[in-house]
Structures are given as structure tokens and as C-alpha cells.
1. Could you check, for the stretch 99-109, whether at least one of its residues is of a type in the set (Val, Ile, Thr), within 19 Å of Met256 (Cβ to Cβ) and either touching a Leu at 6+ places or on another chain (Cβ under 6 Å) or buried (at least 16 other Cβ atoms within 10 Å of the Cβ) (or both)?
2. Going through the stretch 84-98 one residue at a time, which ones are under 22 Å from Gln216 (Cα atoms) and of a type in the set (A, V, I, L, M, F, W, C)?
3. Do we have any residue at all in the stretch 238-250 that's farther than 24 Å from Gly174 by Cα, part of a loop (DSSP other than H, G, I, E, B), free of Cβ contacts under 8 Å to residues at least 40 places away in the same chain and of a type in the set (A, V, I, L, M, F, W, C)?
4. Can you tell me which residue is surrounded by the most Cβ atoms within 10 Å (Cβ to Cβ) among those in the stretch 303-332 that are in contact with a helix residue (DSSP H, G or I) (Cβ under 7 Å, 6 or more places away or on another chain) and over 15 Å from Leu78 (Cα atoms)?
5. Checking the condition at pLDDT 95 or above, closer than 22 Å to Thr261 by Cβ, part of a helix (DSSP H, G or I) and of a type in the set (Asp, Glu), which residue from Asp148, Asp201 passes?
6. Within the group Ala157, Ala207, which residue is open to solvent by 20 Å² or more (accessible area, probe 1.4 Å), part of a helix (DSSP H, G or I) and over 24 Å from Thr111 (Cα atoms)?
7. Does Trp195 fit the bill of being over 21 Å from Arg114 (Cα atoms) and open to solvent by 30 Å² or more (accessible area, probe 1.4 Å)?
8. Among residues belonging to the stretch 110-137 that are among the basic types (Lys, Arg) and modelled with pLDDT under 90, point out the one that is surrounded by the most Cβ atoms within 10 Å (Cβ to Cβ).
Amino acid sequence: MQFIQKILLSFILIPCSVLIAQDSTNSNHKLFDYTIASRIHSTDYVPQSLSYKFFDPQKKEHSAIASQPIFVNSERPLIDGTIWRTNSEVDYLRLSSMLGAIAIVNTIAYTYQRKVWYTEETTVFHSLEFMNDWNKYQQMDKFGHFTDAYFTSDLSAKIYRWSGLSGNSSVWFGALTGWLWMLEIEVSDAFMSEWGFSWGDLAANTAGSAFFILQQFNYDALGGIQPKVSWHKSEAWEEMRYHKDPQALIEDYEGMTFWLTVNPHHYFPENWKKGYSEWLAPLGIAVGVSAKDIGAYPWAGYKEYFIGLDVDLRKLPVWGDSNLMKFFASEVNILRLPLPTIRFTPQGTWFGFYF
């Protein structure tokens, strides 16, 4: 437990110390940066809103006008209600309050985990055999770790941007926070006799945070792709066919479906978007995977595959100028809504509304 606390403390204090140092230098180096990251999201949002900070030449000596640098900080409103800044303008009250909130939520979640999962016999730190672990549950837990790491990285980055960090810094610190958040679970598992440190889970965590980074810095290519999840209580849980009854919905692997959704509107040329209905812009395609018959014996079972419609909640033309509503929409967007879906299974094909 002390080891976990140290990890949590480190990922709170280290970003703070770096940011303090970073912010102290930005006041002298706020030059406009036309990087890929500073231009991302530009096709998906309202016209850019720029705020400029510069020395007024009229107030300077004529001899100094030619050599006087112009300091610029670009601010771009994003679809999730946050601002992408070229340079950091940290609000330390916001930052400290948000880091405190992260610490509180993490403590509550970890305490819940210990009551639900970590009640079995403990042992020394140990890891699982890779292939044996990888083939368990038809990789459904690995899909879950990828999605969780992506989601926590994305949420953390939004918090950092809201606190005044630059766009680039928010991505890196957000991914680091999400990855460390998930690492805490792996370290805890490593001391449980029934489980162990999973290198497969670590790989999935890393892939989720890495995809988030790649998406933010290559938004034109990857911004229209979103990992999502849906869940319904499985028949295996209802009929008590699990070898060990699930203690929470995240242990009901047969009830989970993981998705990758694609929003075609994101990839339309600009001249197409001008004449395209704003109510059709959120519509997309979802491709999903789930597994069955893995409850009784985790190394058995089979996968089911899905293709269906999706809605990008962030693009619904109902949020207006409310950044708070845009933020909530971007968070709920992790869920794939009950929509028409085709399911492909070894037993045949099924069509209907699916969640």
C-alpha cells in the first residue's frame, strides 16, 4: 500500500514541479508555434478564436521598434469544451484542485478495489506467464485495458487543458497520468496469489495511452476514430455460469462489447462539409467484438463480431456555447449507444438494436 501511495504521490507532484518550471519560462518565450499539434482539430470546430498578447509598438522608442519581438499565444476552442493553447498559462488554483480531485477519486476507487478484488491471499511480487495470460477470456480484458487507458489519458488531458496547460503539454501529461493510473492496478495485482503482474495488461495500457498521443498529434488522420464500450448483463452472470461470480459489472466479460467507431464526416473535404446537414454529421460506423462461453472456463469460448451505426455525441448540434455540456458529451461519448447492429457468430447472423 505504501508503494501505491508513492506512485500516486509521484504522478501528482512531478507534473506540478515540471509545470512550475515550464510556466516560469513561457513568459519570455511565447512565440507563435505553427506545429501540427497547435493546428489539430481545426476542421471539426467553430472558426478559430485567437487571442494575441504583444508589445504595443506605439509605446516603444522608435529605435527599438524594429528589434522588438511580437509575443503571441494562440487559443483554439476544442470540441470537448476545452482550449488548446500554444503556450501554458497555468491557473494553479484550478490545477491543484483538479489534482486533489484525481487523488481523491483514485483513493476511493482503490479502496473499492481492495474490498471487491483484493480480499484473497497475498504473496510476493510476481508476474504471469505471458501467453497463458494473453489467451485468457478471449483477450476481452486486454481490450478493456486499452479502452481504460485511452479514456483516463483523454480525461486527464482535458483536466490539464482546463487548468491552463498548453495543448502539447496536456497530451503528454494526460497520457502519463492515464498510464500511471492503470499501472497502479497492475502493481496491486502483482501481490495477489490468484493473479499477478500482467505484461499483457501493461502492453494494452501502453497501447491505449499511445493511441491517444498519436491521435492528438495526427488529428486529421486519427481524429475520426474513437474507442467505445457497451455492456449488458450477460446470460452467464444471470444463470450463474461463471466459475467465480462477478463482483462488479467490469468482471462480467461476457456482457462487454468493445468498439472502434469511425465518423465519416471527419474525413470529408471542406467543401463537402459546407453543404452537409449538421444533424447527419454525428452519424458513423461502429465495429465491435465480444466473447461468449468464457465464464465457466476462461481459456475457452469464442468471439462475436459486430458492425452497426454510431453517433458521435460531441457533434450533435445541441450544445451551443456551453463548454460544460461539450465536456460531458465528450465523456459520455465513450459509450456506444443502443443502435441498429448486425452480429456475426458461429451460430449465424443476428440483426437488431444492441448495447
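The values are calculated or read from the model by the stated rules, or taken from the named source; none is laboratory data. Quick caveat, the model's predicted, so the values are computed rather than measured. Here the Cβ positions follow ideal geometry from the backbone for every residue, glycine too, while neighbour counts run over all protein chains shown. Just the protein is used for accessible areas: all its heavy atoms, side chains included, with ligands, DNA and RNA removed. Shrake-Rupley method; radii C 1.70, N 1.55, O 1.52, S 1.80 Å.
1. no
2. Trp84, Val90, Leu95, Met98
3. Residues of the stretch 238-250 that are farther than 24 Å from Gly174 by Cα, as a first pass: 238-249.
From what's left, part of a loop (DSSP other than H, G, I, E, B): 239-248.
Imposing the further condition that a residue be free of Cβ contacts under 8 Å to residues at least 40 places away in the same chain reduces the set to 239-240, 244-246.
Within this subset, residues satisfying the condition of being of a type in the set (A, V, I, L, M, F, W, C) are 240.
Yes, that holds for at least one residue.
4. The extreme case among them is Lys303.
5. Of the residues listed, the single one that is at pLDDT 95 or above, closer than 22 Å to Thr261 by Cβ, part of a helix (DSSP H, G or I) and of a type in the set (Asp, Glu) is Asp148.
6. Details: Ala157 fails: open to solvent by 20 Å² or more (accessible area, probe 1.4 Å).
The conditions single out Ala207.
7. For Trp195, the condition - over 21 Å from Arg114 (Cα atoms) and open to solvent by 30 Å² or more (accessible area, probe 1.4 Å) - is not met.
8. Arg114
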